[in-house]
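Colleague: Pasting in a structure now, in structure tokens, and then I'll have a few things to ask.
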Amino acid sequence: MPLDVDHLIARYGHLDGKDLLAALIKGELAGRVAVTSSFGAESAVLLDLVAQVDPATPVIFLDTDELFDETIEYRTQLERRLGLTNVVVVRPSDEELKDAADLWRTDEDRCCELRKVRPLARAVSGYDALVDGRKRAHGAERENLATLSDGGGVLKVSPLATWSAEAIEAYFVAHDLPRHPLVAQNYRSIGCWPCTRPVEPGQSPREGRWAGKNKSECGIHTKSLGR
Ligand code: SF4
């Protein structure tokens, strides 16, 4: 039976943060919820909330083969610190990697399609709800982000959509969460190394992604992921 996304939005759309995660992970979507995480600059907050609800929740980590070494190390650190027991590492196929070789220099959209969108679509095909760490405070396409939305037959869940940068920072401090090592060098949104830059004071975190290009999203949050 197709997922009744409208029903879920009407029932749970007033919740956010841990309350929303608990209602979905422990409630009527139990066993059908996956979290996608870049293990980037702000990821620890969402992952800490997920771990409090159920540390065995599947957390899908997409290794594009172009990540910073610091991100790989931080993933291991956070996984241990938070007690996450079901981190799933997803990679592009050998053929996708071959087709995407150096493509970030000439065609970023195609590179993201091969390294990110296709591998992630395969990994999440069995889930009904996908949790991510997007926030309105990131600006651009995310300014009007809802906590729940229809991702083409799958429920997209952004429990931190309405959280401000100050609320995220306060959570880091209150819970003594470890920082991604590159945050100390002013990296505020961290993806693949060729397409990530530090930002200046006053810039939004996302301005460090595909800087100078007419691109602000890779497609994993804006495409239907094949459903
Ligand atoms: S972020 Fe850059 S390197 Fe990573 S998949 Fe997209 S274009 Fe390629």
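Colleague: Looking at (1) hydrophobic (A, V, I, L, M, F, W, C); (2) surrounded by fewer than 21 Cβ atoms within 10 Å (Cβ to Cβ); (3) part of a loop (DSSP other than H, G, I, E, B); (4) more than 16 Å from the ligand (Cβ to nearest atom), which is the one condition that is false for A161?
Modeller: (2)
Colleague: Sticking with this one: Looking only at segment 72-92, which residues are part of a loop (DSSP other than H, G, I, E, B) and more than 14 Å from the ligand (Cβ to nearest atom)? It would help to see each step written out before you state the result.
Modeller: Start the filter on segment 72-92 by keeping residues that are part of a loop (DSSP other than H, G, I, E, B), which leaves 83-86, 91-92.
Within segment 72-92, G83, L84, T85, N86 qualify.
Colleague: Checking the condition modelled with pLDDT of 95 or more, in a loop (DSSP other than H, G, I, E, B), out of contact with any His (no Cβ under 7 Å at 6 or more places or on another chain) and under 23 Å from L3 (Cβ atoms), which residue from A30, A23 passes? Walk me through it before giving the result.
Modeller: Values: A23 fails: in a loop (DSSP other than H, G, I, E, B).
Checking each option against the conditions leaves just A30.
Colleague: Quick check on segment 37-45. Is at least one of its residues of a type in the set (F, W, Y), away from the ligand (no atom under 16 Å from the Cβ) and either under 25 Å from G151 (Cβ atoms) or at pLDDT below 95 (or both)? Step through it out loud before you land on a result.
Modeller: Taking segment 37-45 and keeping what is of a type in the set (F, W, Y), we get 39.
In the following step, the residues that additionally are away from the ligand (no atom under 16 Å from the Cβ) were identified as none.
No, segment 37-45 contains no residue that is of a type in the set (F, W, Y), away from the ligand (no atom under 16 Å from the Cβ) and either under 25 Å from G151 (Cβ atoms) or at pLDDT below 95 (or both).
Colleague: Something else now. Tell me, which residue of segment 94-148 that is among the hydrophobic types (A, V, I, L, M, F, W, C) and within 10 Å of the ligand (Cβ to nearest atom) is surrounded by the most Cβ atoms within 10 Å (Cβ to Cβ)?
Modeller: Out of the qualifying residues, it is C112.
Colleague: What number of residues within segment 179-197 are within 16 Å of the ligand (Cβ to nearest atom) and either free of Cβ contacts under 8 Å to residues at least 40 places away in the same chain or part of a helix (DSSP H, G or I) (or both)? Even if it seems obvious, please write down each step before you answer.
Modeller: Here is the first cut: in segment 179-197, the ones within 16 Å of the ligand (Cβ to nearest atom) are 182, 187-197.
Within this subset, residues satisfying the condition of being either free of Cβ contacts under 8 Å to residues at least 40 places away in the same chain or part of a helix (DSSP H, G or I) (or both) are 182, 193-195, 197.
Residues in segment 179-197 being within 16 Å of the ligand (Cβ to nearest atom) and either free of Cβ contacts under 8 Å to residues at least 40 places away in the same chain or part of a helix (DSSP H, G or I) (or both): 5 in total.
Colleague: Here's a follow-up. Quick test for you: out of G212, G202, pick the one residue that is at positive phi, within 16 Å of the ligand (Cβ to nearest atom) and not in a helix (DSSP H, G or I).
Modeller: Working: G202 fails: within 16 Å of the ligand (Cβ to nearest atom).
After ruling out the rest, the residue left standing is G212.
Colleague: From the list V45, V88, which one is within 15 Å of the chain's Cα centre (by Cα), among the hydrophobic types (A, V, I, L, M, F, W, C) and surrounded by fewer than 15 Cβ atoms within 10 Å (Cβ to Cβ)? Full working, then the answer.
Modeller: Working: V45 fails: surrounded by fewer than 15 Cβ atoms within 10 Å (Cβ to Cβ).
When all the criteria are applied, what remains is V88.
The values are calculated or read from the model by the stated rules, or taken from the named source; none is laboratory data. Since the structure is predicted, the reported quantities are computational estimates derived from the model, not experimental observations. Cβ atoms come from the backbone with ideal geometry, glycine included; neighbour counts cover every protein chain shown.
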